[in-house]
There are 2 protein chains.
Amino acid sequence: MSEVHVKGLAAKQASYALVNVTTEEKNQALKLIADHLLAAQQELLTANEKDLQNGKESGISPAILDRIMLNEERIQAMAQAIELLIKLKDPIGETIEKIEKENGLRIYKKRVPIGVIGMIYEARPNVTIDAATLALKTGNAVVLRGSSSAKHSNMALVKVIHQALKNSRLPEDSVQLLEDTSRETAKELFRLNEYLDVLIPRGGKQLIETVIRESTVPVIETGAGNCHVYIDESAEWEMAKNIALNAKTQRPSVCNTIETLLIHEKWFEEYGKELIQLFQDKNVEIYGDEIVRGKCPNVLIATEEDWATEYLGLTISIKVVSNVEKAIHHINYYGTQHSESIITHNDQHAALFLNSVDAAAVYHNASTRFTDGFEFGYGAEIGISTQKLHARGPMGLEALTSSKFFIYGEGQIRN
Amino acid sequence: MSEVHVKGLAAKQASYALVNVTTEEKNQALKLIADHLLAAQQELLTANEKDLQNGKESGISPAILDRIMLNEERIQAMAQAIELLIKLKDPIGETIEKIEKENGLRIYKKRVPIGVIGMIYEARPNVTIDAATLALKTGNAVVLRGSSSAKHSNMALVKVIHQALKNSRLPEDSVQLLEDTSRETAKELFRLNEYLDVLIPRGGKQLIETVIRESTVPVIETGAGNCHVYIDESAEWEMAKNIALNAKTQRPSVCNTIETLLIHEKWFEEYGKELIQLFQDKNVEIYGDEIVRGKCPNVLIATEEDWATEYLGLTISIKVVSNVEKAIHHINYYGTQHSESIITHNDQHAALFLNSVDAAAVYHNASTRFTDGFEFGYGAEIGISTQKLHARGPMGLEALTSSKFFIYGEGQIRN
């Protein structure tokens, strides 16, 4: 049997035990993981050094090396995140629905663990701890498949988890790490329907697209964000410029940052030049349509490709539109159903935009940057789902649960 | 562009209009469909006759021909089902969650349509009406792909739907039927991620497995039911025999019927022979393990394959186990996560069984035959999900909805 098969089976078996552990037992295990992480700091840094060394030798970019890098502060941050997770309400066992039938049957729909969660992700080793502890909090086993560039770090982290679990009431097999990080193991994971209940990719667009294309295991799609702000005719200058600048420049590398700004032609006529100057003052590179370029110097030509691009950096494309319907159409055509905002004082336009734009989060007069599990108050975030089944938008612990009907009778049969 | 592409795009565009229709407008459209169905009875029967004639010529079995067959009564039943659907509460627009942030942001998580639903199904033409009307009630567009054996009936039914929609406020394009029922169009549908938000297969095991294996569009898995009753040591004879017989024989061809009976060894010692006689009196063919065969004549040898088989007929396999844990293990190994029941007076055993058995519906002292959207009081059933994401167990209208965050601010930006 291959490593994927052996570890998938072990996780599946652990998942059967996990349905019978209590919240207290889960929290105790999490506490042990946090403690062991802090105690194993030295081993973790040594393992991480190997990854960094290998990365430098194979020419990995400084940006990626920074993502791989562990230090005392980052290890402490992992432990602190676990302490916060312990305090969160355990969703498992909650009764979602109760039905009493005339024949005396009592039907309870309750929250239960999903079972085994597959997680496939890129450089950051903190995802290893994050994914494992979120899964355990919700009573799930997990099969982790990180990248080869963080292999030694991930192995050291999972060793710490196993030591902690050994001292807990949870099965050590609840957390599995694939050590073979070749393409072949990823492909095997994509088709491991026998043991995996869901596969969650965390990483860049290419990873996510590959998983969706190749996986027969159900996938929760996360991440890609080609987001927009639309400034309507009636938008107030001060509010519009603040939101547009915040949505682009406050943290350009993340998914809820905007990539395209849509502006009503009349508003553009009045304020366009000034707004573009403000972006340029912040070193934002601007691609614009003909109208934008006609009015402003130093704006590059926006091509069809620009409207579909998630720049993830200090670049923006700007398009002038004649009405709110055109803005909605543009967003539904080019957007990735993540976060979309309209700035307007016209409530009818706002309602039409919010209803008609097909996205996980739609905003009236606020920055798209708020689409985030912590900002929403969930206390944890598995990712931001941009699909429509199971979970949409920021996913808290509930996204890692399923439901089950518990039915109690006294001998009822069907007529 | 291919038929699949053209119709997928048309459905997508219709879905953008459907988010802005009211409950009243949807119900009016449904009423028109019901009326038009009754008025078009003669055309429908003529079209159906063509399918029946073609079916006879190509040697389709009488059982399948019966599924394809329409008559006055069946057409009336379709219209009546629509009248009931009209009365059901519209789930769209419901606020599921409300979050108020310190910064004044108001976040509403609301139920919205999924968008475009793909439905792939076998012989029964009533699924055409069923799928289309459930989709419309929940504000979704639908792309239907029925079987070639019911092609003329399906085309006639969709013609009726289009005539009704033409007189309604809903776009006529909301319902699309693929007229080319070749394998190629099915394959195109499996990969139509650009336009489809979900694909729901309704039919036999092979169809469902093909869709899961080949589809990159998210799938809701329905249907396969290798269900069990476990009779524990303390089970009362009268209750146990009634439930076991009901779960097998009340309607053997459906998914919530049991295929294997597990019996505690002590109970079997006392009542096994008598129970098996009762099954045989009802013409149930029995496959048993060595213990069963040692005690009872006319029992065939159960092979490994039997434990995994959904007979969907008057056949059962019976296995004797030494305790509840063995029963749980057998079910988790061979079952299809549909419906599972324990008959016992031991509450600890019941709790262990209900928690540990991994299935959509778990029963204590009742027949598995109750797993059904109508029995649960949902008033409609899209199918019974045997997967764990999005929806599990009987699916009512809510299973055809997604959610969306509506966020209202007064210029909030993120710090």
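Given the criteria more than 8 Å from every other protein chain (Cβ to nearest Cβ), among the charged types (D, E, K, R), in contact with a strand residue (DSSP E or B) (Cβ under 9 Å, 6 or more places away or on another chain) and more than 15 Å from A:PHE406 (Cα to Cα), does B:GLU310 qualify? When the stated conditions are applied, B:GLU310 passes them. For B:SER182, the requirement of being surrounded by fewer than 21 Cβ atoms within 10 Å (Cβ to Cβ) and within 22 Å of B:VAL6 (Cβ to Cβ) is met.
If you take the residues of region B:367-383 that are at the interface with chain A (Cβ under 7 Å from one of its Cβ atoms) and either farther than 22 Å from B:MET239 by Cβ or part of a loop (DSSP other than H, G, I, E, B) (or both), which of them is modelled with the highest pLDDT? This residue is B:SER367. Consider region A:384-393 and keep the residues that are open to solvent by 10 Å² or more (accessible area, probe 1.4 Å) and in contact with a helix residue (DSSP H, G or I) (Cβ under 8 Å, 6 or more places away or on another chain). The one that is farthest from the other protein chains (Cβ to nearest Cβ) is A:ALA391. Within region B:219-258, being open to solvent by less than 20 Å² (accessible area, probe 1.4 Å), within 13 Å of chain A (Cβ to nearest Cβ) and either out of contact with any His (no Cβ under 8 Å at 6 or more places or on another chain) or over 25 Å from B:HIS390 (Cβ atoms) (or both) holds for B:VAL229, B:ILE231, B:ALA235, B:ALA240, B:ILE243, B:ALA244, B:ASN246, B:ALA247, B:LYS248, B:THR257, B:ILE258.
Hey, which of the strands (runs of 3 or more DSSP E) in region A:166-256, taking only ones fully inside, have at least 2 residues that are among the β-branched types (Val, Ile, Thr) and in contact with a helix residue (DSSP H, G or I) (Cβ under 9 Å, 6 or more places away or on another chain)?
Hits in region A:166-256: A:198-202, A:227-231.
If the condition is being crowded, with 18+ Cβ neighbours inside 10 Å and part of a helix (DSSP H, G or I), then region B:284-303 contributes only B:VAL292. Residues that are open to solvent by less than 10 Å² (accessible area, probe 1.4 Å) and of a type in the set (Ser, Thr, Tyr) within region A:147-173 comprise just one, A:SER153.
The rows are residues; the columns are (1) part of a helix (DSSP H, G or I); (2) without any contact (Cβ under 8 Å) to a residue 60 or more places away in the chain.
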| residue | (1), (2) |
| --- | --- |
| A:ILE331 | yes, no |
| A:GLN337 | no, yes |
| A:HIS345 | no, no |
| A:GLN348 | yes, yes |
| A:LEU354 | yes, yes |
| A:VAL362 | no, yes |
| A:ASN365 | no, no |
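When you go through (1) more than 11 Å from chain B (Cβ to nearest Cβ); (2) under 30 Å from A:PRO113 (Cβ atoms); (3) among the hydrophobic types (A, V, I, L, M, F, W, C) one by one for A:LEU262, which number turns out not to apply? All conditions are met except number (2).
Can B:ASP197 be described as modelled with pLDDT of 90 or more, in contact with a strand residue (DSSP E or B) (Cβ under 8 Å, 6 or more places away or on another chain), among the acidic types (Asp, Glu) and farther than 29 Å from A:SER215 by Cα?
On the way: modelled with pLDDT of 90 or more: yes; in contact with a strand residue (DSSP E or B) (Cβ under 8 Å, 6 or more places away or on another chain): yes; among the acidic types (Asp, Glu): yes; farther than 29 Å from A:SER215 by Cα: no.
For B:ASP197, the condition - modelled with pLDDT of 90 or more, in contact with a strand residue (DSSP E or B) (Cβ under 8 Å, 6 or more places away or on another chain), among the acidic types (Asp, Glu) and farther than 29 Å from A:SER215 by Cα - is not met.
For region B:394-402, the condition holds for no residue, the condition being that it is in contact with a Leu (Cβ under 6 Å, 6 or more places away or on another chain) and either open to solvent by 20 Å² or more (accessible area, probe 1.4 Å) or not assigned by TED's automatic domain parsing to the domain that holds B:PRO113 (or both). Taking into account only those residues within region A:84-105 that are open to solvent by 50 Å² or more (accessible area, probe 1.4 Å) and more than 20 Å from B:THR368 (Cα to Cα), which is farthest from the chain's Cα centre (by Cα)? Among residues in region A:84-105 that are open to solvent by 50 Å² or more (accessible area, probe 1.4 Å) and more than 20 Å from B:THR368 (Cα to Cα), the one farthest from the chain's Cα centre (by Cα) is A:THR95. A:ILE64 meets the conditions (1) assigned to a helix (DSSP H, G or I); (2) at pLDDT 95 or above; (3) not aromatic (Phe, Trp, Tyr) in every case but one. The failed one is (2). Restricting to region A:169-214, and then to whatever is within 12 Å of another protein chain (Cβ to nearest Cβ) and among the charged types (D, E, K, R), can you tell me which residue is farthest from the chain's Cα centre (by Cα)? Looking at the filtered set, the residue picked out is A:GLU194.
Within region B:347-358, can one find any residue that is closer than 17 Å to B:ILE200 by Cβ, buried (at least 19 other Cβ atoms within 10 Å of the Cβ) and not assigned by TED's automatic domain parsing to the domain that holds B:LYS26? No, every residue in region B:347-358 fails to be closer than 17 Å to B:ILE200 by Cβ, buried (at least 19 other Cβ atoms within 10 Å of the Cβ) and not assigned by TED's automatic domain parsing to the domain that holds B:LYS26.
Consider region A:304-346. How many of its residues are open to solvent by 60 Å² or more (accessible area, probe 1.4 Å) and under 22 Å from the mean Cα position of the chain (by Cα)?
The total comes to 2.
Note on region B:20-59: residues that are surrounded by 18 or more Cβ atoms within 10 Å (Cβ to Cβ) and outside any helix (DSSP H, G or I) amount to 2. Of the residues A:LEU136, A:LEU196, A:LEU144, the single one that is of a type in the set (A, V, I, L, M, F, W, C), without any contact (Cβ under 8 Å) to a residue 60 or more places away in the chain, closer than 21 Å to A:ILE382 by Cα and open to solvent by less than 10 Å² (accessible area, probe 1.4 Å) is A:LEU144. B:GLU375 meets the conditions (1) closer than 22 Å to B:ILE220 by Cα; (2) surrounded by 24 or more Cβ atoms within 10 Å (Cβ to Cβ) in every case but one. The failed one is (2). For region A:261-283, the criterion of being part of a loop (DSSP other than H, G, I, E, B) and under 32 Å from the mean Cα position of the chain (by Cα) is satisfied by at least one residue.
Only one of these is open to solvent by 30 Å² or more (accessible area, probe 1.4 Å), out of contact with any Lys or Arg (no Cβ under 9 Å at 6 or more places or on another chain) and either assigned to a strand (DSSP E or B) or among the aromatic types (Phe, Trp, Tyr) (or both): A:TYR16, A:TYR108. Name it. Unique residue meeting the criteria: A:TYR16.
The values are calculated or read from the model by the stated rules, or taken from the named source; none is laboratory data. Bear in mind that the values here come from a model prediction, so they are computed numbers and not experimental data. Glycine gets a Cβ as well: all are built from the backbone with ideal geometry, and neighbour counts include every protein chain shown. For accessibility, only protein heavy atoms count, side chains too; no ligands or nucleic acids. Shrake-Rupley method; radii C 1.70, N 1.55, O 1.52, S 1.80 Å.
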